[in-house]
Every structure is written in C-alpha cells, then in structure tokens.
Amino acid sequence: MDLTFDHSFVKVNGINMHVAEKSPSVTGNGAFDGAIRPPVILFLHGFPELWYTWRHQMVALSSLGYRTIAPDLRGYGDTDAPESVDAYTSLHVVGDLIGLIDAVVGDREKVFVVGHDWGAIIAWHLCLLRPDRVKALVNMSVVFDPWNPKRKPISMFKSFYGDDYYICRFQEYGEIEAEFAKVGTERCLLEFLTYRNPGPILLPKGKRYDDCVSLPSWLTDCDVKYYVSKYEKNGFTGPVNYYRNMDRTWELMGSLSKAQVKVPVKFIIGDQDLTYHIPGTKKYIQDGRFKSHVPLLDEVVIIKGVGHFLHEERPDEISKHIRDYFLSF
C-alpha cells in the first residue's frame, strides 16, 4: 500500500489548516480515471484522531479516481489551535471547512463528505448549515441529534452516566490536561484508541491506568508514534475544547430546532461501538425518527463485532461501503 501523501497548509477562516491529500491514481482502473476534475472526498476525523485515521480509505478511493482530502481539524495536529476556548464551536469548524472546500473546488462546487465521531457531528452540522456544498455523506458512529430545548448536552450526559463520564470530566479547563500530563501522552492516547467496551468511558479522578496495553491488530507501533508525536507537540487542549463547547453549540443552534438534514446519507455504525449503546440510540435508529430528521437517509449499516474505530478495524469493508454509495451519484 502506497502511504505517501501530499501535505499543504490552507488559510481558512482565520487559521492555517493542515491538509493531507491523495491524488487520483494515474495508472489505476477506477471509474474516474482521466477525469479533468475528479470528484473530491473530504474526510473528517474524530477524537483523538488526526487526518491520519483515514489513510486506508484515502489510498483505496484515490486508486478508483477520487481526489481524497483529509484535514487536521482546528486544534488538532498541525492545524492552528486558537487560544480561546470559545473558538471551537461547530460554527467555527464548519466555517473552516467551507473555506477549505472553496480552496479545493471553488465557491460553487460540491464535495462528497465522510465523517466519524466528532467528524460525524461536524459533518451533520455542515450538511444542516450548508447543504449546497455537499453531494452526499457517509457518516459513522454518531447519529444526527436534532436540536431539543430539553436536552442540553452536558446535563444529559451527566444524567446518563454521572460526573465521571469522560465528556463531563473534560469540561473544566486545564483539569484533564494536568491529569493527562501526569499519566503521559502515549498512555492517554492508548486509553481511547484501544477502548473496546460498548459501555461508557469513565475517568474518575485518580483513575489508575494499566502499564501495559495490547495493541489491536489494526493499530501498529508506528501509528501510535505518529499520534504521540503530534499530541506531545500541541497537547490535548484544542481537541478537548470541542467538548467544552457542546453546550455553547447547542445554544447557537437553537434557531435550527425544526431543521432537517437534506443531503443524501449512508450511516454506518458498529454494534460494539459505545455510541450505539448511548441510551435511546438503537430505538431512534429503528423507529423511524432518524429517517424523519434525515429524510434522504438511504441506508443504515450496523456491522457486527466492530467497535468505535470501525474504519480502522475494517478498512477494506468501510472503503467499499463509501465507494458503492458515492458511485450512485
């Protein structure tokens, strides 16, 4: 597998965004070989990932003629991390992505989008706010959560899981960063990247971390070293600030209380993913409410025996799902 990528920086929305790209294969036999303007797929990562989490899909889909692009989102990796905590709402990140799309394809064209975890949340909001820029979406792990005046995010998570739930523990500025510093960057990253329990992630104060962690087959020492190198350079504050803005984003989205996501969507989730086991999620998917809020939802795929990082755990299968769906457009 050719894991060489082109890297660049794009000025968007007042920040410098690091972007990795894999151009279409000239010698491949994909559906778009020789196209003057190959279709673009924009990949959006989650926590604690970086653009790097999409490496397998970028290689596979570029070999079929797609131009694949994956940024480090604001605060992550080599992209700028604004100091203000308030600079990490979904509106800020969607603004970054519109600037990136403009730079890649111009200000009138659309792109395909693939999202996972926080990238899925941002992808939902991108489609909600700017459906004119998205051809179709393949989203993973996090269902679309329509605005509800009675479901303020942090209070909701506290009621579900208590104060030790990781999202709740992330709220106090500097507190979790200090704890992570004591434990060490690599060990903290492994806590999240190797998490395989469909139950909630709990981080009680004074939590003990195992000294030795067995890497899953899909995660290599080289992969871990890449993540560690970026987090040791820039820390966890930028990524954690997304969680600190969940309530603020909820407040800013109040005007969209009845809005639907009117972009064609395929949704994929693993049956061992902790997000699939959030109270009410399975019923929401099954009873038609998900479809009612995302009327162009074409398909929901539930993959058995797969956890949260499904695109890394089953890279070929996920690449095929993405290819098959986008080919219909």
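Computed from backbone phi with θ = phi - 60° and the Karplus coefficients 6.51, -1.76 and 1.60, the 3J(HN,Hα) list for region 62-74 is 5, 5, 9, x, 8, 8, 9, 9, 9, x, 7, 5, 3 Hz; x is used for glycine and proline. For region 240-269 versus region 279-329, the spacing of their alpha-carbon centroids is 18 Å. Region 154-224 and region 84-121 have their alpha-carbon centroids 26 Å apart. What the chain shows is 43 Å² of accessible area per residue, with the surface traced by a 1.4 Å probe over protein heavy atoms. Peptides 236-246, 64-74, 282-292, 49-59 ranked from most to least packed give 64-74, 49-59, 236-246, 282-292, packing being the mean of other C-beta atoms within 10 angstrom over each peptide's residues. Karplus-based coupling profile of region 91-97, in residue order and whole Hz: 5, 5, 5, 4, x, 4, 6, with θ = phi - 60° in 6.51 cos²θ - 1.76 cosθ + 1.60 and x standing for Gly or Pro. Straight-distance candidates among the lysines for linking to Lys152, with alpha-carbon spacing under 18 Å and chain neighbours fewer than 8 residues away dropped: Lys258.
Each Cα pair under 8 Å and six or more residues apart adds its sequence gap; the mean of these over the residue count of region 140-255 is a relative contact order of 41 percent.
Please state the shape class of the chain: rounded when a/c is under 1.5, otherwise prolate if a/b exceeds b/c and oblate if not, all from the C-alpha gyration tensor. It comes out rounded by the Cα gyration axes. Each stretch of four or more DSSP H residues adds -39500 (n - 2.57); spread over every residue of the chain, this sum gives -10500 deg cm²/dmol at 222 nm.
Legend: residue pairs Lys110/Lys304; Lys150/Lys182; Lys11/Lys110; Lys205/Lys283; Lys158/Lys283, Cα-Cα distance threshold 27 Å; pairs beyond threshold, Lys110/Lys304; Lys150/Lys182; Lys205/Lys283. Sorting the segments 181-187, 227-233, 140-146 by their residues' average number of neighbouring beta-carbon atoms within 10 angstrom, most packed first, yields 140-146, 227-233, 181-187.
Seen from all directions on average, region 97-231 presents a Cα convex hull projection of 10.8 nm².
The phi torsions of region 298-306, fed into the Karplus equation with coefficients 6.51, -1.76 and 1.60 and a -60° offset, translate into couplings of 8, 7, 10, 10, 10, 8, 6, x, 10 Hz, rounded to whole numbers, with Gly and Pro shown as x. For region 219-329, the Kirkwood estimate of hydrodynamic radius, built from reciprocal distances between every pair of different alpha carbons, is 17.0 Å. What a 1.4 Å probe finds exposed on the chain is 50% carbon and sulfur by accessible area, rounded to a whole percent.
The values are calculated or read from the model by the stated rules, or taken from the named source; none is laboratory data. Note that the structure is a prediction, hence the values are computed from the model and not measured. Every residue, glycine among them, receives a Cβ derived from its backbone with ideal geometry; neighbour counts consider all protein chains shown. Areas reflect the complete protein model, heavy atoms only, side chains present, ligands, DNA and RNA absent. Shrake-Rupley method; radii C 1.70, N 1.55, O 1.52, S 1.80 Å.
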